[in-house]
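The values are calculated or read from the model by the stated rules, or taken from the named source; none is laboratory data. Not measured: the values here are computed from a predicted model. Positions of Cβ are generated from backbone atoms using ideal geometry, with glycine treated the same way; all protein chains shown enter the neighbour counts. Accessible surface areas use protein heavy atoms only, side chains included; no ligands, DNA or RNA. Shrake-Rupley method; radii C 1.70, N 1.55, O 1.52, S 1.80 Å.
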Amino acid sequence: MSPEAARREAFRQFGRVQEIEEIGVHIGDKMERKKRLTDYGTDLLQDIRYTLRTLRRDAGFTTIAVLILALAIGANIAVFSVVNTLLLRPLPFPNAHQLVWIAPPPTKCGQSCATYSSDGFEEFRAMSRSYQDVTGYFAFSGPDNLSLKIGQSDPIPATGIDVISNFFQVLGVQPQLGRLFTPADARNGAQPVIVLSNAWWKRQFNADPNIVGKAIDISGTQTTVIGILSATFDFGAVFQPGTRYDAFTPLNLDQDRNYGNIVTFLGRLKPGVTVEQAKAEAAIVAPRLYFRATIPATLGNYTGSVVPVPLKDYISGNLRRSLIVLWSAVGAILLIACVNLSNLLLARASARSKEFAMRGALGASRARVVRQLLTESLMLSAAGAALGLVFAGSLLFWLSHQGSIALPLLATLHIDLTSLLWTVLIAVVTAVCFGILPGLRMAGVNLQEALKDSGTGTGQSRKHERIRSILVVTEVALACMLLVGAGLLLRSFLKVVSLDLGFEPARSAAVNVDFDDNVPGDKTGALGAAKRGVIFQQVISRVTAIPGVQAAGASDYLPLGQNRAWGMPTPEGRNPNDFKGLGGPLVYVVTPGYVHALGMRLHGRDFTWDDGPNSQAVVIISAAMARYLWPNEDAVGKILVNTGTSNHALVAGVVDDVHADNIEAPTGWQIYYPMMQAGPNGARLVVRTTLPPATLASSVMGVLHELNPKQTKAEFLPVQSIVDHANSPRRFFMLLVVSFATLGLLLAALGIYGVISYSVTRQTQEIGIRMALGSSAGRVQRKVLVSTLGLALIGIVLGTAASLAAGRLIAIMLFDVSPWDTTTFLCMALTLIAVAVISGYLPARRASHINPMVALRNN
């Protein structure tokens, strides 16, 4: 063929040259990428196998590193799970962002000023347009307010709560079995029905599905079980932390219409309606509600606005700052652990410097050396994270079953997918944090320097020494911040527990008393009050006769529990308008002997059994209320007008102010009515004893059961446990932060010891020469200790400055303690100095015992 014909034929058979070249390049690139991936995979497998052999060979180092990481990462996982549950994760309801808590403005008259009347609820529900629906529950349900009677056995106590019939539907809670309440269940004359919590159904009825539709004896009434709630719903965990609720009954608004403010409000917003829009509407509705309140007296008295807030913020919003502080504390622990491991890895890598130098001389790149060390860090971190996950899971399981801690949503704590992703993230970040510095330092080592630096007679590399000293200063500063925070919280807690509560809980115990004071045809209540007086006089007389009992009395409410107000009484002869807006004192209905049984200090006289329905109305008031109403006068013998039970009541006595609503809040005012003149909401028998309360439980319960065979097997509860329950959130945060600070201090001590010990080892020849030239053992010890204290003092100064700057963050968690408390800072500094001295003493002592001849001979 001619050249042109041949070229055309070649193009026809093989294609154009440019196309062939492009195909060749593409195939080459693809093969090159495949080769690189294969090489990378091979290198990674080699790194992993080599790392496993190395870590197995150095089992002591591996064990210490994994344990340090397990504690630090486990603490971070646990605290993240708490933060996630309380702040980040939505509430366990469908479209939980639509749920809002509808509250009056805060006042000083307890639950009565934080609730609404039946008429108020119905009016607000009718006038509001922002909500799909509004619901609520009875706010004054007490513990063990129900009893379950099965066969001939003694009644079993249970805690129930009345809810508005649409309560579960508004929340989006579904029954596991049966049905929920309907409006017909809450009407007058309706058949008594009950819905059981999942936990009580399992515990008390062995998860019997056939219980639905059956009638059970609840507080003497045959009540039909219509449903079993889902296991995911825990009323106490959401709305009343630290309280277990067993059953739910429908709230009859008509029956309770004359009881004043008794109902809480919460609602579900319509799709697209914001909380701000609901607030704007409430600002319009509230004044109209107040205007209507002047017409029917049962509507209630609402003098302020109605404020909707997201239900999540209402439940756990006030814990935000505390959780951030707690999260910061475990973050500091993780940083200290990373610093410690960096120091350990630097020391370990220094011992392997010849190995890395030889690898570099044989062709290993800097990146390959760094990758090898990072692989070791990732393997350590993965092992620590796995063990930490087990530690965190155990801690969360224990916390979720601590019903005594009054923190919301605590029962729902668990490790979810978000926590697992956080674990992976924190393991990778931790590995990089403590592995990158040793990797970069060792990647640049050359053979000549390594051989020169490997002899025992050579002084430690100045660069390595500076880096390790900086790391020690960093962890001392972090430990300093942790100790300051822990010290401030501990001092605050000690201030709280040492407060004068107005009563002495230590030697008192309380138990629910079942009684029936109903008298047929008793329209005025006088016959019921007289019957009540006879019942409690017998109970208290018999209980007081038990050996070891100093005093006994009963009250419908105890301090730091449920409370209510009945309006503001005024001194006789004074204008009631002068006392408007005060809200009124908290009300307690008590028997004779109660103030002594609770350890309250009384000026004047106690109630007597003669203070009955037909005698002069009497009251006992708190000292703060007496000082306000009659300044510079003795309130005993004065007359109060428009009290809760009569138009005129004699002040029989004055007791010390009681922290009745909140330990850390001001005491407020209290007023006490005799149980024979005012109708109580149940009764709690209080017994003061010279013996441990638990030793009297059987005797007291025997008397109660003898006088009333229907008495439930109620728990004889030390009053101190009620105080502890109120203190439990502060104790929870304090114990965690103190535990983390102790762990941080231990890690800092290990870090100081490791650095000084390593420094002494590297300076063996230098110390030997000094001692051969006449340096004394004491001088060698002082030199080492001065070096140790120098690092500690720099860390203390930096940590103190950081703690002072962060004082505002922790201020909200403190009680009667300044965030810049001098005593706390001084104790922190002394503690760290003592730890530094102890950590440096052992290496210093070892240095002072170096034999100069041995040191020089081993050079």
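Please list 189-200, 820-831, 206-217 highest first by mean number of surrounding beta-carbon atoms within 10 Å per residue.
Final packing ranking: 189-200, 820-831, 206-217.
7 Å from Cα along Cα→Cβ at both ALA5 and LYS713: what's the point-to-point distance in nm?
11.4 nm
Using the Karplus curve 6.51 cos²θ - 1.76 cosθ + 1.60 with θ = phi - 60°, what ³J(HN,Hα) values do you get for each residue of region 378-390, in whole Hz, with x for Gly and Pro?
3J(HN,Hα) across region 378-390, in whole Hz: 5, 5, 5, 5, 5, 5, x, 5, 5, 5, x, 5, 5.
Sort region 591-644 into rounded, prolate or oblate with this rule: let a ≥ b ≥ c be the square roots of the eigenvalues of the Cα gyration tensor; rounded if a/c is under 1.5, and if a/c is not under 1.5, prolate when a/b is larger than b/c, oblate otherwise.
Cα axes put region 591-644 in the oblate bin.
Heavy atoms only, probe 1.4 Å: what % of the accessible area of region 194-265 goes to carbon and sulfur, would you let me know?
45 percent
Hey, can you rank 735-747, 376-388 by average C-beta count inside 10 Å, highest first?
376-388, 735-747
Rolling a 1.4 Å sphere over the protein heavy atoms, what is the accessible area per residue of region 599-710, to the nearest Å²?
On a per-residue basis, region 599-710 sits at 42 Å².
ASN662 to HIS603: extension gain in nm, 0.36 nm per residue of separation minus the Cα-Cα distance?
That works out to 18.8 nm of additional length.
So who's got an amide H within less than 5 Å of the one on PHE265, skipping anything under 5 residues away but keeping other chains? H placed 1.01 Å off N, in plane.
ILE102
With θ set to phi - 60° and the Karplus curve 6.51 cos²θ - 1.76 cosθ + 1.60, what are the ³J(HN,Hα) couplings of region 782-799 in order, to the nearest whole Hz, using x for Gly and Pro?
4, 4, 5, 5, 5, 4, 4, 5, x, 5, 5, 5, 4, x, 5, 4, 5, x
Please give the net charge around ILE812, taking every other residue with its beta carbon less than 11 angstrom from that of ILE812, where Lys and Arg add +1 and Asp and Glu add -1.
Its environment carries a net charge of +3.
Given H placed 1.01 Å from N in the peptide plane, which residues other than close sequence neighbours of ALA683 have an amide H under 5 Å from its amide H?
VAL513
Counting heavy atoms of the protein chains only and a 1.4 Å probe, report the per residue accessible area for region 523-589 as a whole number of Å².
Using a 1.4 Å probe on heavy atoms only, each residue of region 523-589 averages 43 Å².
What number comes out for accessible area per residue over region 366-433 if the probe is 1.4 Å? Units Å², please.
Spelled out: the 1.4 Å probe surface of region 366-433, per residue, equals 45 Å².
Hey, rough spin-label estimate for VAL309 and ALA207, points 7 angstrom out along Cα→Cβ, what's it come to in nanometres?
The two pseudo-label positions are separated by 3.9 nm.
Rounded if a/c is under 1.5, else prolate if a/b beats b/c, else oblate: with a ≥ b ≥ c from the C-alpha gyration tensor eigenvalues square-rooted, which is region 152-228?
Because a/c hits 1.5 or more and a/b fails to exceed b/c, region 152-228 counts as oblate.
Antiparallel as a % of all DSSP beta bridges within region 165-246, to the nearest 5?
Around 65 percent of the beta bridges assigned by DSSP in region 165-246 are antiparallel ones.
Please compare each pair in LYS149/LYS202; LYS495/LYS638; LYS214/LYS270; LYS202/LYS531; LYS202/LYS270 to a cut-off of 27 Å on the Cα-Cα distance and tell me which ones are over it.
LYS495/LYS638; LYS214/LYS270; LYS202/LYS531; LYS202/LYS270
Provide the gained length on full extension for the span TRP398 to ILE284, in nm with one decimal, where the gain is 0.36 nm per separating residue minus the Cα-Cα distance.
36.3 nm
For ASP162, which sequence-distant residues (separation of 5 or more, or a different chain) have an amide H within less than 5 Å of its own amide H, given hydrogens modelled in the peptide plane?
Amide H neighbours of ASP162: PHE138, THR249.
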